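A.B. asks: There's a structure below that I have some questions on.
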Amino acid sequence: MSYPSFGPADPLSREELAATVTSVRPDWRLVDAEPVAEASDIVYRVTVATGDGGSEHSAPEREAVLKCFRTAEALSFRTHERFLVEVDLLELVGRETDLPVPRVYGVRESHEELPAPAFLMERMPGESAVSVPIGEDAEPSADRFLRESGRALAQIHDLRTFDSFGDLVANPDAPRGDDDGATVADRIAVVDGRDSWADRLRDIVTAALADLDERFADLESPLREYTDERFDALELEAEPALLHGDYRPGNVLADPESGELTAVLDWGAAQAGDPRYELAWVTREFSKQAPPDSPVRRRVRETLLDAYESERSAASDGEAVFDHGAAFERRQRFYLAVTWIAELGSFDLWWAGADESVRAARTQRLRENVKSLF
């Protein structure tokens, strides 16, 4: 999937970048910077002098990543609290799991002139996992990558539960100082929470169908009929667990030769929801949107689910997490359909950075996927 840049690829001047780095870490000085163009936020890979060497000229250098909130009309659904929850989740995951996540070096919540909020974090090893080949003839590295990704997702889903379903934000009412007595869990909250998962899922569907692009207008009525029938027919009870929210190859790093998972990134879309919903999304994304009944999709699903179930059952004394019977499969099929509907509602947002030929091919594939539901 290709995500757009919501503004210039290199949005900050050298002076603004240097000032932003120093505003987050007053003891650091910018040496070099490279923009990360395909990001919804303002992101730079930076090299900094840390000030630990006794003088400006002898200070050792460190590789880091600077991430700043981007204000854009297309991202009007984003808030400062939604952006800052990534800082809290990175701390939580780094403290309570062995998952490879960046250490946060510093955060600044507000500023009158510079982009805000902003934070600096560790630059992790590896490459974007979109470079790991997934296919029928994939190398053993792909199998290792899929299994490690499945185990990582299981740890995420086991980490926290919540009292309601919805997007996660940095709790604006929780103190954030080092000596405030609040735990990192206190600083993570559900915004506009729903008491039932079915209500939360219906909100996602309703919002997407209300925003359908005109190219998909003919699908609105049959999709409303399809989803209404599924909400009535399916058992959608669930516990509100921590979901990463955008777990896909573009948001993880890996060693392309060995398949080792080296980082799980971009936690700003985290939510409290049904883990089975994220499993449907992850299977779709890690198979690179392969057709639902293709050998590639089946291989990815089986490998991911096997590793996921092994990890979660080990954490629960060997008990199976989900009954993979007919009810599970019906729910997964519906969840996959919801991911397609969500994409239809956000098509221009998700694919604005792609070539027109890519957009046309994805449009055709989505239409075929949706029509297979009826």
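Any read-out appearing in this document is the output of simple, stated calculations on the displayed coordinates, not a laboratory observation. Computed from a predicted model, the values in this text were never measured in an experiment. Because the Cβ atoms are built from the backbone with ideal geometry, glycine has one as well, and the counts that use them run over all protein chains shown.
A.B. asks: At most 10 other C-beta atoms within 10 Å and a DSSP loop state: those are the exposed GluC sites (Glu not before Pro) I care about. Give me the longest piece of the chain that has none.
C.D. replies: Working: sites that count: Glu56, Glu112, Glu113, Glu136, Glu235, Glu237, Glu257, Glu319.
That would be 137-234.
A.B. asks: Going 7 Å from the Cα of Ala185 toward and past its Cβ, which residues in the stretch 242-285 have a backbone nitrogen under 14 Å from where you end up?
C.D. replies: Inside the label zone: 242.
A.B. asks: GNM on the chain, C-alpha springs below 10 Å: top fluctuator among Pro222, Pro115, Pro256?
C.D. replies: So, out of Pro222, Pro115, Pro256, the one fluctuating most is Pro222.
A.B. asks: If you don't mind, there's one more thing I want to ask. Quick one: Lys67, Lys288, fewest Cβ neighbours within 10 Å first, how do they rank?
C.D. replies: Values: Lys67 28, Lys288 16.
Fewest-to-most Cβ neighbours within 10 Å comes out as Lys288, Lys67.
A.B. asks: Take the alpha carbon atoms of the stretch 267-337, find their center, do the same for the stretch 10-40, and report the distance between the two centers in whole angstrom.
C.D. replies: 38 Å
A.B. asks: What is the spin-label model distance, in nm, from Ser23 to Ser110 if the labels are put 7 Å beyond Cα along the C-beta direction?
C.D. replies: The modelled label-to-label distance comes out at 1.3 nm.
A.B. asks: So how much slack lies between Ser294 and Leu159, counting 0.36 nm per residue of separation and subtracting their Cα-Cα distance, in nm? Could the numbers behind the result be given before it?
C.D. replies: Numbers: separation 135, 0.36 × 135 = 48.60 nm, distance 3.24 nm.
Value of the extension gain: 45.4 nm.
A.B. asks: List the residues of the stretch 268-283 whose backbone N lies under 20 Å from a point placed 7 Å from the Cα of Leu349 along the Cα-to-Cβ direction.
C.D. replies: 268-274, 277-282
A.B. asks: Which residue, Leu114, Leu168, Leu89, has the most motion in a Gaussian network model of the chain that connects Cα atoms within less than 10 Å?
C.D. replies: Leu114
A.B. asks: Further, regarding this structure: At 222 nm, what helix-only mean residue ellipticity would the chain give, in deg cm²/dmol to the nearest 500, using -39500 (n - 2.57) for each DSSP H run of four or more? Display every interim value, and only then the final one.
C.D. replies: Details: 10 runs with 150 residues, N = 374.
The helix-only estimate for the chain comes to -13000 deg cm²/dmol at 222 nm.
A.B. asks: What list of whole percents do you get for P(r) of the chain, with Cα-Cα distances grouped in 20 Å bins up to the one holding the largest distance?
C.D. replies: Result, from short to long distances: 27, 59, 14, 0 percent.
A.B. asks: Using 0.36 nm per residue of separation minus the Cα-Cα distance, give me the extension gain between Glu257 and Arg367 in nm, one decimal. Please report the intermediate quantities before stating the final value.
C.D. replies: Numbers: separation 110, 0.36 × 110 = 39.60 nm, distance 3.57 nm.
Gain in length upon complete extension: 36.0 nm.
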